[in-house]
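**Q** Below are the structure tokens for one structure; questions will follow.
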Ligand SMILES: Nc1ncnc2c1ncn2[C@@H]1O[C@H](COP(=O)(O)OP(=O)(O)OP(=O)(O)O)[C@@H](O)[C@H]1O
Ligand SMILES: Nc1nc2c(ncn2[C@@H]2O[C@H](COP(=O)(O)O)[C@@H](O)[C@H]2O)c(=O)[nH]1
């Protein structure tokens, strides 16, 4: 009889041995071809993480809750990593570090978020267990810039000027919308134009960082839209309405919030009419909404800065100044995927905030290399990415890392 069965017989919560969890999970997970798996225990919960080793399926998660004595299948947010030859898990405070053996060099370090702000928010919304995948990224990205303001105030114009002058510094978060494209607008460039039913389904699936019904249509920023910009090493700009800005403020995304105000309602109306992209009915609707938006923008605690867009050039200069672009411009902090080549044969240990990966390579001459991951300042800067990782490689690696290389 196993320890778990003995305890159960005595009326206690079943004690959980790693092997019990793993064997149980294999049955409970109902996964076909689960050939690689690992377990991490945090508090009362044992997280069983596994998948097939042929790289065709994604990695799945199941939790054994010791306090309830039962298996829980959580809602999984974020892009799931593709399964691999082997997995190691190291529990940290609010997430589990997952090392994927035999994957591509930029796909080996992942985190399963179990108690981050984002996960707690999602648990509150769904009222059930949630976990979220995020990929490990070295360094920190610059804070995204959220630009809001009533329709026609000049947000798009100012953003275009910024992107034109600093093309390698800024990237635009391409929103989803259910409104029809305007004449020159391109799908995937100005917006991802989509059907209402599809967008509603994707909202339920947690695809969006924020969404709102604006002037009678749905608009939303997908987690992926922000990730794509950050992955390109650029600072993300979001052009979203006040409701969206409020949602982002309440989310785990740290950003700078700027509200653009018109000099007067008359001038706003003139700009909307001169733009000539809306019908009369739509213009009137946008103007009606503008009054409430301006009131909220000015009075809410959401925005860090309010800029009046009277003379375009002057407003643009003030925008650049508050983004620190008016003088000597320093290079943005180094950030990007971690590229290491984890051999199949390695061991992992944790000392304080350092994860020590001991790699044994058996080439012509057997050599030992160490990778030291510093997890003391991890941040979920963008949902879907865990930022702030520093790592040091000691030894010689097939990907060119040599001696003591510090990557942060
Ligand atoms: N300071 C300004 N003075 C005069 N016209 C301006 C100024 N700023 C922008 N415009 C013009 O106002 C019109 C509306 O600007 P824009 O399309 O950038 O607004 P927007 O805030 O992005 O609107 P929406 O939210 O509907 O997308 C455009 O024709 C633009 O050229
Ligand atoms: N909450 C969000 N608002 C968004 C998003 N993308 C755009 N917008 C806002 O919608 C209005 C109208 O835009 P238009 O292109 O139809 O003129 C404007 O205020 C935008 O800022 C989004 O992803 N989320």
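Bear in mind that the values in this text are calculations on the coordinates, not laboratory data. Keep in mind it's a predicted model, so treat the numbers as computed, not measured. In this analysis, Cβ positions are derived from the backbone assuming ideal geometry, glycine residues included, and neighbour counts consider all displayed protein chains.
**Q** Which whole number in µm²/s is D for the stretch 37-137 by Stokes-Einstein, with the Kirkwood Rh taken over Cα pairs at 25 °C and 0.890 mPa s?
**A** It diffuses with D of about 180 µm²/s by this estimate.
**Q** I need to check one value: relative contact order of the stretch 186-324, counting alpha carbon pairs closer than 8 Å and at least 6 residues apart, in percent.
**A** 21 percent
**Q** Still on this structure, please answer the following. Could you tell me the center-to-center distance, by alpha carbons, between the stretch 176-196 and the stretch 297-322 in angstrom?
**A** Distance between centres, Cα-based: 27 Å.
**Q** Of the peptides 240-248, 188-196, 224-232, how do they stack up when ordered by the mean number of other Cβ atoms within 10 Å, highest first?
**A** My ranking of the peptides, most packed first, is 240-248, 224-232, 188-196.
**Q** Here is a further query. Over all directions, what mean area does the Cα convex hull of the stretch 145-323 project, stated in square nanometres?
**A** 9.9 nm²
**Q** Please report how far the C-alpha centroid of the stretch 133-170 lies from that of the stretch 197-273, rounded to the nearest whole angstrom.
**A** That distance is 11 Å.
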